[in-house]
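Have a look at the structure below before the remarks.
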Amino acid sequence: MGFIFRQCFAMILLVSVANVSYAEDGYEPTYTDLDLSVELLDSSMLLADNRAPSARSRVPNIPDSAFKKPDITANNVHMYLGLASLAFGGLTAISSPDGYDPDLLNSVHYKAGKLSWQLGAAAIGTGLWTHWDDFHIEDGLFDRDNLHVILGTLGVIGYYLAVKDAVDQYNTQTAAGVRVGYPNTDHSSAGILGGGAMLTAIAITW
């Protein structure tokens, strides 16, 4: 330890003596006297380098269309099918005939009812395709996504049962071949429940 201290002290003494000798001779060292082998770049070279964009700093020319959401997506198709199913269900309700209709299967009431459950079934299919990963039964039946699936499915089933029951009653015949089974209002209960379930399924995810 004493040896290192003596070496440091000797170095400091030598530097002090050197500075005194330079000062006595009237010579003061400057930075330019030190040959540090540092090459200064010409200012024109620096400006030219700053003006030249590097490959890393270039921003790719991405067209605006890449940021636009497609007009038609699987989710949009699912949504519009569900809304159309609900709309035709409402049309079915308001177009119900007051009495016996010998041409019921060609009426607006029947065709709208049939379209309501067919469009609803298509909505279920596209919904399963688009949102399969959103349905998790472990989240509970009252999870919003789970309720949407369950109520939407019940809505379509209600529409289907209402149409099927009406057609079955309409096609009931006597032994003489005379049609006697005009649909009574019983089938409307399934349609009303189906419409309510469908409306709720859409409302909770809107």
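Looking across the stretch 139-155, the residues that are modelled with pLDDT under 90 and surrounded by 15 or more Cβ atoms within 10 Å (Cβ to Cβ) come down to ASP143, ASP145, ASN146.
Can you find a residue that is more than 22 Å from ILE192 (Cα to Cα) and touching a residue at least 12 places away in the same chain (Cβ under 8 Å) anywhere in the stretch 103-125? Break it down stepwise before answering.
Step one: list which residues in the stretch 103-125 are more than 22 Å from ILE192 (Cα to Cα), which gives 103, 125.
Pick out the ones that are also touching a residue at least 12 places away in the same chain (Cβ under 8 Å) and you get none.
So far as the stretch 103-125 goes, no, none of its residues is more than 22 Å from ILE192 (Cα to Cα) and touching a residue at least 12 places away in the same chain (Cβ under 8 Å).
No other residue among GLY196, GLY158 is within 28 Å of the chain's Cα centre (by Cα), part of a helix (DSSP H, G or I) and either at pLDDT 90 or above or under 30 Å from THR126 (Cβ atoms) (or both) apart from GLY196.
Of all residues in the stretch 97-138, which are modelled with pLDDT under 90, assigned to a helix (DSSP H, G or I) and farther than 19 Å from VAL77 by Cα? Across the stretch 97-138, the qualifying residues are LEU104, LEU105, ASN106, ILE137, GLU138.
The values are calculated or read from the model by the stated rules, or taken from the named source; none is laboratory data. All values derive from a computational prediction rather than experimental measurement. A quick note on method: Cβ atoms are made from the backbone with ideal geometry, for glycine too, and the neighbour counts reach across all protein chains shown.
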